[in-house]
Amino acid sequence: HYGVLEEEMMTPVCRHLLHIPLDDITPAFTDYLQERRRANGSFNNAPAGDGGDGNILNTYWGIYGLQWLNRSDEGMDKKTIAWIRSCQLKNGGFTHQPHPVIGANDEVAYTWAAVKTLARLSAKPADEKACIGYLLSLRNADGGFGNRPGLPSTPMSTYYAIDALKALN
């Protein structure tokens with residue numbers, strides 16, 4: 001019953017990209033997304049009623065989906081912006097949720113999701129300069145980017161870093 005939100009989002013995203021109407025899925029899918037949105041504006045795979053905080057990657061996909069479905073809630077969007085900004089670490093990178101007990105580390109995919117979601121909500125990281133510095137610290141001598149500072153380059157890490165830097169101009 002806990003489908004992976006990113007995979008669930010591919011239906012409306014692909015339909016939109018292929019210019020297939022969304023009308024037949026909009027009410028049920030909007031309900032599905034709203035059930036996964038926490039009171040703080042974040043999203044996760046499990047319904048909010050099951051407890052737990054959101055995840056920054058799922059929050060990206062949730063906001064992305066709501067926007068494709070032409071749904072927005074300014075009051076919740078402000079909470080989402082605050083929640084995402086609270087995921088930023090002192091080094092400028094982002095972690096998966098504010099003050100996590102487990103896995104409190106920066107990661108290029110988390111940073112990408114934060115930057116892209118904030119951009120979708122017409123916002124920027126709380127410390128934009130530190131975020132840019134963090135992303136640039138991921139660059140390696142081979143021209144690619146790693147998942148974290150000092151790690152080898154990968155194609156996905158390189159994509160995430162360049163796309164986030166592009167979103168930050």
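The values are calculated or read from the model by the stated rules, or taken from the named source; none is laboratory data. Note that the coordinates shown come from a computational prediction; the quantities given were computed from them, not determined experimentally. As a convention, Cβ positions derive from the backbone with ideal geometry for all residues, glycine included, and neighbour counts pool all protein chains shown. To get the accessible areas, we keep the full protein, side chains included, count just its heavy atoms, and leave off ligands, DNA and RNA. Shrake-Rupley method; radii C 1.70, N 1.55, O 1.52, S 1.80 Å.
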Checklist entry - Within segment 77-96, restricting attention to residues that are crowded, with 16+ Cβ neighbours inside 10 Å and of a type in the set (A, V, I, L, M, F, W, C), which residue is farthest from Gly65 (Cα to Cα)? => result Leu89
Checklist outcome for this item: Subset of segment 1-55, residues hydroxyl-bearing (Ser, Thr, Tyr) and either open to solvent by less than 30 Å² (accessible area, probe 1.4 Å) or not in a loop (DSSP other than H, G, I, E, B) (or both), comes to Thr11, Thr26, Thr30, Tyr32, Ser42
Checklist entry - Checking Ala126 against (1) assigned to a helix (DSSP H, G or I); (2) under 15 Å from Phe94 (Cα atoms); (3) more than 15 Å from the chain's Cα centre (by Cα), which single condition isn't satisfied? => result (1)
Next on the checklist: I'd like the full set of residues that are at pLDDT 95 or above and among the hydroxyl-bearing types (Ser, Thr, Tyr), limited to segment 71-106.
Outcome noted: Thr80, Ser86, Thr95
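Among the residues in segment 74-82, are any over 30 Å from Gly146 (Cβ atoms) and touching an Asp or Glu at 6+ places or on another chain (Cβ under 6 Å)? Spell out the reasoning first.
In the first step, residues of segment 74-82 are kept if they are over 30 Å from Gly146 (Cβ atoms); the result is 74-79.
Within this subset, residues satisfying the condition of being touching an Asp or Glu at 6+ places or on another chain (Cβ under 6 Å) are none.
Scanning segment 74-82 turns up no residue that is over 30 Å from Gly146 (Cβ atoms) and touching an Asp or Glu at 6+ places or on another chain (Cβ under 6 Å).
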Next on the checklist: Could you check segment 139-166 and list, in sequence order, the residues that are hydrophobic (A, V, I, L, M, F, W, C) and more than 16 Å from Lys116 (Cβ to Cβ)?
Outcome noted: Ala141, Leu151
Next on the checklist: If a residue must be within 13 Å of the chain's Cα centre (by Cα) and charged (D, E, K, R), how many such residues does segment 78-106 contain?
Outcome noted: 1
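Scanning segment 97-117 for residues that are assigned to a loop (DSSP other than H, G, I, E, B) and open to solvent by less than 30 Å² (accessible area, probe 1.4 Å), which turns out nearest to Lys78 (Cα to Cα)?
Restricting attention to segment 97-117, the residues satisfying the condition of being assigned to a loop (DSSP other than H, G, I, E, B) are 97-107.
From the residues that got through so far, the ones that are open to solvent by less than 30 Å² (accessible area, probe 1.4 Å) too are 98, 100, 106.
Working: Pro98: 16, Pro100: 21, Asp106: 23 Å.
Ranking the candidates gives Pro98 first.
Quick check on Arg120: is it open to solvent by 70 Å² or more (accessible area, probe 1.4 Å) and farther than 22 Å from Asp53 by Cβ? Spell out how you get there, then give the answer.
Working: open to solvent by 70 Å² or more (accessible area, probe 1.4 Å): yes; farther than 22 Å from Asp53 by Cβ: no.
Criteria not met by Arg120.
Among the listed residues Ala167, Ala141, Ala109, Ala126, which satisfies the condition of being under 19 Å from Phe43 (Cβ atoms) and at pLDDT 95 or above? Outline the logic, then answer.
Numbers: Ala167 fails: under 19 Å from Phe43 (Cβ atoms); Ala141 fails: under 19 Å from Phe43 (Cβ atoms); Ala126 fails: under 19 Å from Phe43 (Cβ atoms).
When all the criteria are applied, what remains is Ala109.
Test Tyr134 against the criterion of being under 10 Å from the mean Cα position of the chain (by Cα), assigned to a helix (DSSP H, G or I) and either farther than 21 Å from Leu168 by Cα or not aliphatic (A, V, I, L, M) (or both), and give yes or no. So that I can check it myself, show each step before the final result.
Values: under 10 Å from the mean Cα position of the chain (by Cα): no; assigned to a helix (DSSP H, G or I): yes; either farther than 21 Å from Leu168 by Cα or not aliphatic (A, V, I, L, M) (or both): yes.
No, not satisfied.
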Item to check | Subset of segment 130-167 (residues that are farther than 9 Å from Val108 by Cβ, crowded, with 17+ Cβ neighbours inside 10 Å and aliphatic (A, V, I, L, M)) | outcome: Ile132, Leu165
Checklist entry - Does Asn70 satisfy the criteria of being closer than 19 Å to Met9 by Cα and out of contact with any helix residue (DSSP H, G or I) (no Cβ under 8 Å at 6 or more places or on another chain)? => result yes
